[in-house]
Amino acid sequence: MVNEESATLRTMKLNPRPKAALPPERTDLDPQDWASDRAQAHRMLDDMLDHLQGLREGPVWRPMNEAARAAFHSPLPRAGEGIAAAHADFMDQVLPYAAGNTHPRFMGWVHGGGNVAGMLAEMLAAGLNANLGGRDHAPVEVERQVTRWMAELFGFPEESSGLFVTGTSMANLIAVLAARAAALGPDSRIEGVGEAGTGLTAYASEAAHGCVSKALDIAGLGSAALRKIAVLPDGGIDTGALAEAVAADRAVGLDPFLLVGTAGSVDTGAIDDLAALAEIARRERLWLHIDGAYGALAVLAPELKPLLIGIERADSIAFDFHKWGQAPYDAGFILMRDAEAHSAAFATAAPYLQRRPRGLAAGEPWPCDFGPDLSRGFRALKVWFAFKAYGASAMGEAIAGTCRAAHALAARVDEESELERLAPAPLNIVCFRYQGSDALNAELVVRLQESGAYVPSTTTIGGRLAIRAAIVNHRTTREDATGLADEVLRLGRVLAASGAYA
Ligand SMILES: *Cc1c(COP(=O)(O)O)cnc(C)c1O
C-alpha cells in the first residue's frame, strides 16, 4: 500500500510540475503527475457509473447532429491536452451518441447490455496489458479456466480446447477451417484445398446466419458449397430435407463434410433439433458445428437448457459472451471437442515462437495454436470476472428473465387486433407488425428510434416487414417489453391516420 504520502509527494500534488519544466529527455507516456491522473481516473469511473445508474432517465438513442459529427473531423492532435480534456470530449462527443444497447429499452438486433463487473475487468486487463497469444503466465490460465468452465457447461470433455475471439463470425470461421483441415488432411494447409476441396459440401438451415456462408467463402470452398436446407414452421431445420440433400450430394460424388446447426436463429430465436442433427452427423460422418451465437448460453438457465439437448454431442460450438452473456464487447468464443484437431488446423512453427519446457516460453499449447491471431488481448478476464462476481446462476436468471419479458410482449401483441405476430417466439425475440403496409411499419420503427423511447429493429418474415424486438439486455423488464406494444399502437395509429403509408 502507498497510502502514506511523503511530504514531497504532497507538495508535488499541490504544485503539478508545468509541462515546460520537464526534462527534454523524458519520452515515456506515464503520468507527469500521478496524483492528479489518479483523481481524474476516479472521476472517469464515477462518470461512467453515474451514466449506467441513470440509463433509464435518458433516451435509448439520439441521432448525431451536424455539430456533433463535425467534431470528428478535427486534425490529428500534435500536442496533447491531457486525459481530463480528452475525457471531456468523450463526455460531449461520444457518450451521448452511443447505440444505446446498455439501455433497458434497447431491443434492436441482438445486442448485449454489458455489465459493471466486466467493465471493471476491462480496465484491469488494459492495465495489465497482457498478450494472450502464448507464453507461460496467469492470464493464459484464466482463459484456460473459462474454457474448462464452458466444457463443463456444455457437457464437453475436460480436455476440450477453447479460444476467445472477436465474435461468432470468427468462431464459425475457425470451426469451418478446423473441419476443412480434418476432412482434407494436414497437407491441405500447405498445398491448398485443391481438387478434393472442390467436392466438399456443407449444410445449414435457411435461417442460419450469413456469416456461415461467408466462412465457407473465406475458407476457399465457396459459399455455394453451403446447402441451405428448408425450415419447419417452428423455424428449425427440416431434418428430412437435410438427409435427402446429403444423400443427393453423395450420389453425384460430392463430399459432405460439415453440418452447422443453429441454436437461436438470429431472426426469430429458433433452435434446430440438435439431437437429430447429432444423429445425422454421426451416421453421415459430418463435423457437427453449432452456431449458438446468442442462444447457446441458454444452457445457463435450467428452464431453457432442455431446448439445447444434443449440443453436448457437437464437435464444436461457437457463441458470444457479448450477447446473452452480457459481457462488454467483444467476446466471442469457440469451444472444440478435439483439441488436437483444433491445433492441427492452426498451429505453425516459427523460430521466434519457440516453446521451452521451462521459462516464460513454456506452457504449450499456446492460444495462438488455436486460431489465426498471434497477439491477443485479455478478453477472458471480463468473462471470468462476471462468473466470479455474479455466479453462473444469476447469469442464467438474467437470460431467463429476457425470455419472460419477450413472452409478455408476445402475449400483449396477441391480445391486440391492430398488431400481428409474424413468428413463434420460443426464446427472447418477438417479430410482429402494426396492421398496414411495410412502408408504415418501416417508418414506425425509424420514428420510434428517433424518439429515443425504444429501439427495435426490422427483419423480413415470409416476405413481410417485421418489427423485431430482440430482448437480450438483462436490464429490460416485462413493463419495458410490453410498453413497446403500447408505443407501436400509438405511433401506428398516427401513421395510419396520416394516410401517407398506404
Ligand atoms: C450474432 C450472430 C452471429 C454473428 O456473431 P458476431 O458476434 O456478430 O460475429 C452469428 N450467428 C448468429 C445466430 C448470431 O445471432
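Within region 320-369, can you find the residues that are more than 11 Å from the ligand (Cβ to nearest atom) and of a type in the set (Lys, Arg)?
Of everything in region 320-369, those that are more than 11 Å from the ligand (Cβ to nearest atom) and of a type in the set (Lys, Arg) turn out to be Arg337, Arg355, Arg356, Arg358.
A quick yes/no check of all residues on (1) in contact with a strand residue (DSSP E or B) (Cβ under 9 Å, 6 or more places away or on another chain); (2) among the aromatic types (Phe, Trp, Tyr); (3) at pLDDT below 95:
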site: Pro351; (1), (2), (3): no, no, yes
site: Arg355; (1), (2), (3): no, no, yes
site: Cys368; (1), (2), (3): no, no, no
site: Glu397; (1), (2), (3): no, no, no
site: Gly401; (1), (2), (3): no, no, no
site: Ala406; (1), (2), (3): yes, no, no
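Evaluate the following for Gly112: is it on the phi < 0 side of the Ramachandran plot, buried (at least 22 other Cβ atoms within 10 Å of the Cβ), outside any helix (DSSP H, G or I) and within 16 Å of the ligand (Cβ to nearest atom)?
For Gly112, the condition - on the phi < 0 side of the Ramachandran plot, buried (at least 22 other Cβ atoms within 10 Å of the Cβ), outside any helix (DSSP H, G or I) and within 16 Å of the ligand (Cβ to nearest atom) - is met.
Residues Ala281, Ala301: which one is in contact with a helix residue (DSSP H, G or I) (Cβ under 6 Å, 6 or more places away or on another chain) and either open to solvent by 10 Å² or more (accessible area, probe 1.4 Å) or more than 16 Å from the ligand (Cβ to nearest atom) (or both)?
Residue meeting the stated conditions: Ala301.
For Gly499, are the conditions met, namely being more than 30 Å from the chain's Cα centre (by Cα) and at pLDDT below 95?
yes
Name the single residue that is nearest to the ligand (Cβ to nearest atom) among those in region 129-169 being outside any loop (DSSP other than H, G, I, E, B) and open to solvent by 50 Å² or more (accessible area, probe 1.4 Å).
Selected residue: Ser169.
Tell me, please, whether a residue that is assigned by TED's automatic domain parsing to the domain that holds Leu184, within 17 Å of Gly310 (Cβ to Cβ), assigned to a loop (DSSP other than H, G, I, E, B) and within 15 Å of the ligand (Cβ to nearest atom) can be found in region 243-261.
no
Quick check on region 263-278: of everything there that is closer than 13 Å to Leu232 by Cβ and open to solvent by 10 Å² or more (accessible area, probe 1.4 Å), which residue is farthest from the ligand (Cβ to nearest atom)?
In this case the residue turns out to be Ala276.
Among residues belonging to region 218-240 that are crowded, with 17+ Cβ neighbours inside 10 Å and in a helix (DSSP H, G or I), point out the one that is farthest from the chain's Cα centre (by Cα).
Top of the filtered list is Thr239.
Of all residues in region 204-239, how many are farther than 12 Å from Val176 by Cα and β-branched (Val, Ile, Thr)?
The total comes to 4.
What number goes with the only condition from (1) farther than 30 Å from Arg356 by Cβ; (2) of a type in the set (Val, Ile, Thr); (3) surrounded by 15 or more Cβ atoms within 10 Å (Cβ to Cβ) that Val94 does not pass?
Condition not satisfied by Val94: (3).
Does region 186-197 include one or more residues that are within 30 Å of the chain's Cα centre (by Cα), at pLDDT 95 or above and open to solvent by less than 10 Å² (accessible area, probe 1.4 Å)?
No - not one qualifying residue is present in region 186-197.
Show the residue pairs meeting these rules: Cβ distance below 7 Å; 6+ apart or different chains; first residue within region 178-203 and closer than 21 Å to Ala349 by Cα; second residue polar (S, T, N, Q) and in a strand (DSSP E or B).
Ala178/Ser316
Within region 182-202, count every residue that is under 23 Å from Ala247 (Cα atoms) and either within 16 Å of the ligand (Cβ to nearest atom) or of a type in the set (Lys, Arg) (or both).
1
Check region 68-77 and report whether any residue there is of a type in the set (Gly, Ala, Ser), out of contact with any strand residue (DSSP E or B) (no Cβ under 6 Å at 6 or more places or on another chain) and surrounded by 15 or more Cβ atoms within 10 Å (Cβ to Cβ).
Within region 68-77 (the criterion being of a type in the set (Gly, Ala, Ser), out of contact with any strand residue (DSSP E or B) (no Cβ under 6 Å at 6 or more places or on another chain) and surrounded by 15 or more Cβ atoms within 10 Å (Cβ to Cβ)), the answer is yes, since at least one residue qualifies.
The values are calculated or read from the model by the stated rules, or taken from the named source; none is laboratory data. Please read all numbers here as calculations on a predicted model, not as lab measurements. Cβ sites come from the backbone with ideal geometry, for glycine too, and all protein chains shown count toward neighbours. Please note that ligands, DNA and RNA were not included when accessible areas were found on the heavy atoms of the full protein model with its side chains. Shrake-Rupley method; radii C 1.70, N 1.55, O 1.52, S 1.80 Å.
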